[in-house]
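Below is one structure; the comments refer to it alone.
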Amino acid sequence: MKPLLGSFAALATPFKDGGLDLDAYRAHARYLIEQGTDGLVPIGTTGEASTMSPAEQALAVKTAVEVSAGKVPVVAGAGSNSTAGTIDSVKRVREAGADAALVVTPFYNKPTQDGLVAHYRAVAQAHPGFPLVAYNVPGRTGVDLLPETCKRLAEIAEVVGVKEATASMTRMVDIVERCGTERLALLSGDDFTIAPFISLGGKGVISVSANVAPRLVADLVHAALKGDFKKAAELQVRLNPLHRALFLESNPIPVKAAMHLLGRFGPEMRLPLTPMSEGPKAKLLESMKGLGLL
């Protein structure tokens, strides 16, 4: 697998007449790669995976893999709050051709730190040699993958990276203190923190905003990785209104609205998510116009 390095897009999923809109999905993935995106992350939170059937999830991953054709890595979402279910999900995305699996910490049942280690170890043992990226997003899951636990995960050969979405630079420093920057590829899970995250040793981002402004996000990430933090800071600030607008309502509601405004997706979402309300949508539209996207 290619290194986990650069701007990875957390792919939004277009729906049409109750099913997947594969033509729009292919066109979107192709466009992202053409715009400098370094990796595709289908069927995560942004992809509305929780409302998709297992067959739909596998089809989405297979489609992303076909579009990538080896040009960029495909890291597919495969987490659940059941270890057995996660093992099955990783099997499904692996068979669909993904290069790695993004495995969120088990949500709702709130395991201990020992339970988290046991979870990832069990998934790794079920899929020897297949790369896993642990995903920490306590705001959604109700459980926090602590820096000391990241160090323990680094002892599991299959765990190759961590997506860290606390938006805390103190947390990032604590992880680097314990794990360094070479054994695990540390990826930001927050578009707001890309430049500072990379300055501390991060390898890139798994980005929502990359769906909407892929070239600008890629330019920001690449500048930071090259050590050009003046340019990176300028782009970080320039993109901030878009990042902010994309989280005015629960992700992926705003990004689906943005894709519809761009004419790339239809407006369809799946319950319990509903379309973006008009006030926040106006702010989203303003942020996109400010970047020259519309």
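In the set Ala84, Ala76, Ala100, Ala69, only one residue is within 30 Å of Pro275 (Cα to Cα), small (Gly, Ala, Ser) and at pLDDT 95 or above; that residue is Ala76. Just wondering, is there one or more residues in region 263-273 that are at pLDDT 95 or above, in a helix (DSSP H, G or I) and out of contact with any strand residue (DSSP E or B) (no Cβ under 7 Å at 6 or more places or on another chain)? No, region 263-273 has no match at all. Every listed requirement among (1) touching a Lys or Arg at 6+ places or on another chain (Cβ under 8 Å); (2) of a type in the set (A, V, I, L, M, F, W, C); (3) without any contact (Cβ under 8 Å) to a residue 40 or more places away in the chain is met by Val67 save one, (3).
In region 17-37, the residue that is nearest to Val74 (Cα to Cα) out of those that are in contact with a helix residue (DSSP H, G or I) (Cβ under 7 Å, 6 or more places away or on another chain), touching a residue at least 60 places away in the same chain (Cβ under 8 Å) and not in a helix (DSSP H, G or I) is Thr37.
Conditions tested, residue by residue: (1) part of a helix (DSSP H, G or I); (2) among the acidic types (Asp, Glu); (3) in contact with an Asp or Glu (Cβ under 9 Å, 6 or more places away or on another chain).
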{"residue": "Pro106", "(1), (2), (3)": "no, no, no"}
{"residue": "Pro111", "(1), (2), (3)": "no, no, no"}
{"residue": "Ala118", "(1), (2), (3)": "yes, no, no"}
{"residue": "Phe130", "(1), (2), (3)": "no, no, yes"}
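The set of residues in region 221-259 that are basic (Lys, Arg), part of a helix (DSSP H, G or I) and farther than 29 Å from Leu271 by Cα comprises Lys230, Lys231, Arg238. For region 72-97, a tally of residues being surrounded by 15 or more Cβ atoms within 10 Å (Cβ to Cβ), on the phi < 0 side of the Ramachandran plot, in a loop (DSSP other than H, G, I, E, B) and more than 14 Å from the chain's Cα centre (by Cα) returns 4. Of all residues in region 253-294, those being out of contact with any Pro (no Cβ under 6 Å at 6 or more places or on another chain) and of a type in the set (S, T, N, Q) number 2.
Among the listed residues Ala213, Ala232, Ala223, Ala154, identify the single one that is crowded, with 23+ Cβ neighbours inside 10 Å, farther than 24 Å from Gly47 by Cα and modelled with pLDDT of 95 or more. Just a single option satisfies the conditions, and that option is Ala232.
Identification of helices (runs of 4 or more DSSP H) wholly contained in region 132-211 with 1 or more residues that are free of Cβ contacts under 8 Å to residues at least 24 places away in the same chain yields 169-179.
Note on region 136-148: among residues that are in contact with a strand residue (DSSP E or B) (Cβ under 9 Å, 6 or more places away or on another chain) and over 15 Å from Gly115 (Cα atoms), the one that is modelled with the lowest pLDDT is Arg140.
The values are calculated or read from the model by the stated rules, or taken from the named source; none is laboratory data. Not measured: the values here are computed from a predicted model. Note that we place each Cβ from the backbone using ideal geometry, even for glycine, and neighbour counts take in every protein chain shown.
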